[in-house]
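A short write-up of the structure that comes next.
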Amino acid sequence: MIMKWLKGKLMEMNKTLIMILVLVSTSSCAMFQPQKEIKEIENTYINKDEITIDVSPMSRYTITASSDHNVHIHVRYADDPTVQYTIHETDRALRLSDKDLNYHPNRPTPRDIYQWKLELPKNMKVKCHGGIARLNVDSFDGSISVATGKGTMTFKHSKGMFDISTGLGDIRFVQCEGTFNVSGGQADINASRIVIEDESNFLTNGGDIKVVLANTPRHNITVATGTGRGLLDYNGNTIVGSFKFSAEKHKGRIVSPYRFERQTTYKDDLKIIRNQNDEGKKVDYLLKEQVIGNSLPEILIKTIRGSAVLSK
C-alpha cells in the first residue's frame, strides 16, 4: 500500500513539474520575442492643393499648419511585414492609405501601427473617409470633409469649411471659425467658443449637441437632435434673430429664456420607428416661435424626443 501511494505521489509531482516547465518555456518565449523596430520617415511635397486620407484603425492622424507653402508628412511606425502604408502622388494631389496584408474578416485589424503628422499649407482641401477615424486637427486653415462609420475627432484653433459626418463617436471643436456642417448617427457634437461665418448645421440622431458661440452670429443656424439634448448657448453675447423650436408633442422638451410669441401644433411623420406598426404613422409636433430684436438670422433648434434648448 505504501509503495502504491508513493508511486501515485511521484506521478503527480512529475505532472506538476512538466506543467511548470511548459509555463516557464512559454513565458520565456514571450519575454524574448524580438521587439519590432520603430521607423520614421519625413517627406516634403510642393504645389499640392488636395489630400485624401483613407482612414483605418491602423492609423492616427494629426493635422496642423505648415510653416511654408509645402506639405510635410511625418510617419512613425513599428516595422511589420504584415502591413504597409502608401503615399500616392499625382500632379496636384496626395492620397494616403494603409493596408493589412493578412486581412481576414474573422480576424481583428491591427490598431495604431502608424502615427501620421501632416503639416499643411493654407487653403488646402482635405478629404477623409473610411471605417474608423482618429483625427486631431490644430491650427488648420482650409477645407476639411470627413465621412466615417466611427470617429473620434478634435478640431482646435482652426478655420475654414468643416463638413464632418460619422455614425458613432465624438466630434469636438474648440475656438474654430468658419462654416460647419456636422452630423452623426449616434455621435455627440461639442463646439466650444466657435465663430460661425456662414449658414451652419449641427445634427445628430442619438447623441447630444452643445454649441457655444464666441460672438453673435449673422448667419442661419440649425441644431437638431433625435433623442438627445440640443443646446445653443450664446455665451453672454447679444441674442438677435428669428427663433423656431420644434419637438414631438408630449415627448420632446423646448426650453428658452424668452417668452414665445406663437405656438402651433402640426402633423408630421413619426420619426422614431420602433416596429412595423409605426411605419406611416402621423403624430403631433409642437412649434414655438419668437423674434428677438430682428427677424434675421433664422435659428432653428429642434428635437424629436429630446430637448431643444436656447441659453443666454
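May I ask you to list the aspartates and glutamates whose Cα is less than 16 Å away from that of residue 267, ignoring any residue fewer than eight positions away on the same chain?
Filter leaves 248, 278, 279, 284.
If I fit a long axis through the Cα atoms of helix 2-31 and take the longest principal axis of the Cα atoms of the chain, what angle between them do I get, 0 to 90°, rounded to 10?
The answer is roughly 50 degrees.
For every other residue with a beta carbon closer than 12 angstrom to the beta carbon of residue 274, add +1 if it is Lys or Arg and -1 if Asp or Glu, then tell me the sum.
Spelling it out: positives minus negatives among the neighbours equals +1.
If you take every residue apart from residue 181 with its C-beta less than 11 Å away from the C-beta of residue 181, what net charge results, scoring Lys and Arg +1 and Asp and Glu -1? Kindly include the intermediate steps, with their values, before the conclusion.
Working: positive: none; negative: 163, 198, 199.
Surrounding charge for residue 181 is -3.
Calculate the length of the line joining the C-alpha centroid of region 244-312 to that of region 197-243, in whole Å.
One Cα centre to the other: 14 Å.
How about region 100-192: which chymotrypsin sites (Phe, Trp or Tyr not before Pro) there are in a DSSP loop, with at most 12 other Cβ atoms within 10 Å of their Cβ? Could the numbers behind the result be given before it?
Numbers: sites: 103, 114, 116, 140, 155, 162, 173, 180; in loops: 103, 140.
Hits after loop and neighbour filter: 103.
Given the peptides 187-197, 262-272, arrange them by the average over their residues of other C-beta atoms within 10 Å, most packed first.
Packing order, densest peptide first, comes out as 187-197, 262-272.
Give me the three principal axis extents of region 38-152 from the C-alpha atoms, as integers in angstrom, largest value leading.
Computed over the Cα atoms, the extents are 43, 29, 25 Å.
Straight-line reach from residue 150: which aspartates and glutamates have Cα under 13 Å away, leaving out those fewer than 8 places along the same chain?
Answer for residue 150, where 13 Å is the Cα cut-off: 170, 188, listed by chain and number.
What does the charge add up to near residue 239, with Lys and Arg as +1, Asp and Glu as -1, over the other residues with Cβ less than 11 Å from its Cβ? Write down the numbers at each step before the final one.
Working: positive: 312; negative: 233.
Net charge around residue 239: 0.
Only bridges with both residues in the chain count here: give the DSSP antiparallel percent, nearest 5.
Taking every DSSP beta bridge within the chain, about 30 percent pair in antiparallel fashion.
Can you give the calculated 222 nm mean residue ellipticity of the chain, where each DSSP H run of n ≥ 4 adds -39,500 (n - 2.57) and the sum is split over every residue, rounded to the nearest 500 deg cm²/dmol?
Value at 222 nm, helices only: -3500 deg cm²/dmol.
Restricting things to Cα coordinates, could you compute the convex hull volume per residue of the chain in Å³?
Numbers: hull volume 76.2 nm³, N = 312.
Measuring per residue, one finds 244 Å³ for the Cα hull of the chain.
The numbers here are math on the coordinates, done by the rules we state, and not lab data. Fair warning: this is a prediction, and the values are worked out from it, not measured in the lab. In this analysis, Cβ positions are derived from the backbone assuming ideal geometry, glycine residues included, and neighbour counts consider all displayed protein chains.
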